[in-house]
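A quick write-up on the structure given underneath.
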Protein chains: 2
Amino acid sequence: MAASGKTIERLSVYRRLLSMRTFSEEDYVYSHELARMVSGTAAQVRRDLMAIGVTGHSKRGYRIGPLVEEIGTLLDDPEGTRIVLVGAGDLGRAVLGFMKGRSSALTIVGAFDSDPAKAGRVVHGYRCRSMDEIEGVIAAERAQVAILATPADGAQEVCDRLVEAGVRGIVNFAPAPLIVPEAVWVERVDIATALEKVACLIRGVDETTM
Amino acid sequence: MAASGKTIERLSVYRRLLSMRTFSEEDYVYSHELARMVSGTAAQVRRDLMAIGVTGHSKRGYRIGPLVEEIGTLLDDPEGTRIVLVGAGDLGRAVLGFMKGRSSALTIVGAFDSDPAKAGRVVHGYRCRSMDEIEGVIAAERAQVAILATPADGAQEVCDRLVEAGVRGIVNFAPAPLIVPEAVWVERVDIATALEKVACLIRGVDETTM
DNA sequence: TGTGTGTTGTGACTTCTTTCACAAAAAGGT
DNA sequence: ACCTTTTTGTGAAAGAAGTCACAACACACA
């Protein structure tokens, strides 16, 4: 029942893609169909599903219902995951838009911005609050995860406050490295790097490598 | 001179971090300093720098100026990389904000949205245009890269148009898989997956794994 | 000049991830 | 009942990425 980070990412994608289309109780999906959806190989899909103990059916594939459910038991905290968002700029708003009307496993329990002018404003249905309140909200809601969508300067300072307040995972959109205790997981989402990588790879800099 | 995708990502980060602080002609940086900045190991940094042929100096480290420059010759196209952005929602605006006032190696040459109401509007200094114009702009500007910041539905259709028009790399923010010819590079940036991954990993689901 | 300290460059090793390839299973036709 | 086809499950091999450990080097200071 060991699932590596890479496997977790792909499982998340499988589930999303399967959930997008409607399926009935008796629908099946083949490993090669999932593979095509994520531009991977069938063997890799089977390995991923093996990692969560899902077992398929020769000649018919995997039953979609139980598969989606099993991915859920791995990915979703049965208590729910409560998330605070810091930074209500364009990026923060984009994330709020993404979250709106999604499944209940992930819940935004507060949106914050250091700009007092933004406090009280409502974005995508979430009321933006002052940074003063953040420790209180994290404690009261028992938020485990934070989304850091601030500019680079000040990111570390905000991060320290989040960690101090009890957050154990951070999705970091700020183009800055974060220094955190070992017990805290940081997942970096780096837009500038993604762009530079694509710009670099489409030139024949190294055709053989991913 | 082989640089893997992972190495390219880290090089991009090293450069950004080094460029942020001012440095003089004779400033040096140690591998372990860079390592701390990206939460990696010194050996890994040295390997990365070895991959681009940068050589350091026992006891003093790496000269920052030449290092930044050498990373540039790997990452930056000397002709510049011209980029179109599709989707002027929150996310598209966030990306435009990021790009504004950055180095000249990457240039946004057009922003587009399928919503005719957005056409003509100016976002972060970029005028949003109608999708009708996109093929023309890509051809006229010889844009090589596209940023796809649309909702999931319709992403594939837009992608097909981009590829047909000559784009060779895509940064895909849409939570949908894209099917492209082999010659086109897609870099997926998946916000929902990043969140689910963090939410999963902070639970002790698999303490030993990244 | 010599000794001590701290850093690079890299071969060897370890660990993680993906792919290969094939036996076993199951469905369908005859 | 048997043969054909297609798919799963997985051991084994290959490949990629990261870490270790140490010789070689360079500076500092006596």
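The values are calculated or read from the model by the stated rules, or taken from the named source; none is laboratory data. Being a predicted model, the structure only gives us computed values, none of them experimental. In this analysis, Cβ positions are derived from the backbone assuming ideal geometry, glycine residues included, and neighbour counts consider all displayed protein chains. In case anyone asks, the SASA skips ligands and DNA or RNA and just uses the protein heavy atoms, side chains included. Shrake-Rupley method; radii C 1.70, N 1.55, O 1.52, S 1.80 Å.
Brief remarks follow.
- Rounded to 5, the percent of DSSP beta bridges in chain A classed as antiparallel: 20 percent
- Label distances, nm, A:GLU182 versus same residue in remaining copies, Cβ-directed 7 Å point: 4.5
- Along chain A, longest interval not containing exposed GluC sites (Glu not before Pro), exposed being DSSP loop plus at most 14 other Cβ atoms within 10 Å: A:80-181
- Residues of chain B: accessible area per residue with a 1.4 Å probe, Å²: 47 Å²
- Remark: accessible area buried at the B-A interface is about 6000 Å², both chains counted, probe radius 1.4 Å.
- Measuring between alpha carbons in the structure, the pairs from B:LYS6/B:LYS197; A:LYS6/B:LYS6; A:LYS118/A:LYS197; A:LYS6/B:LYS100; A:LYS197/B:LYS59 lying more than 23 angstrom apart are A:LYS118/A:LYS197; A:LYS6/B:LYS100; A:LYS197/B:LYS59.
- Gyration tensor over alpha-carbon atoms, the protein assembly as shown, equivalent ellipsoid semi-axes in Å: 31, 27, 25
- Taking all protein chains as they are arranged and a probe of 1.4 Å, the heavy atoms of A:ARG188 leave approximately 90 Å² accessible to solvent.
- Relative contact order computed over chain A (Cα-Cα under 8 Å; 6+ residues apart), in percent: 13 percent
- Exam field: B:GLU33 pseudo-label spacings to other copies (7 Å along Cα-Cβ), nanometres: 5.6
- Site pair B:GLU26 and A:ASP27 shows an inter-label distance of 6.9 nm when each label is modelled 7 Å from Cα along Cα→Cβ.
- Inter-centroid distance (Cα atoms) of region B:6-70 relative to region B:124-154, Å: 35 Å
- Size-normalised alpha-carbon gyration radius of chain B, reference 2.2 N^0.38 Å: 1.17
- Across B:SER19, A:SER130, the residue with the most accessible area heads the list, and the full order at a 1.4 Å probe is B:SER19, A:SER130.
- Label 7 Å beyond Cα on the Cβ vector: B:GLY80 copy-to-copy distances, nm: 5.0
- Beta bridges by DSSP in region A:89-178, antiparallel share as percent, to the nearest 5: 20 percent
- Of the solvent-accessible surface of the protein assembly as shown, computed with a 1.4 Å probe over protein heavy atoms with every protein chain present, carbon and sulfur atoms account for 51 percent.
- Region B:81-193 - Debye-derived log10 I(q)/I(0), Cα point model, q = 0.12, 0.14, 0.17, 0.23 Å⁻¹: -0.35, -0.49, -0.74, -1.44
- B:GLU69-B:ALA183 FRET efficiency (beta carbon distance; Förster radius 35 Å; 0.05 resolution): 0.70
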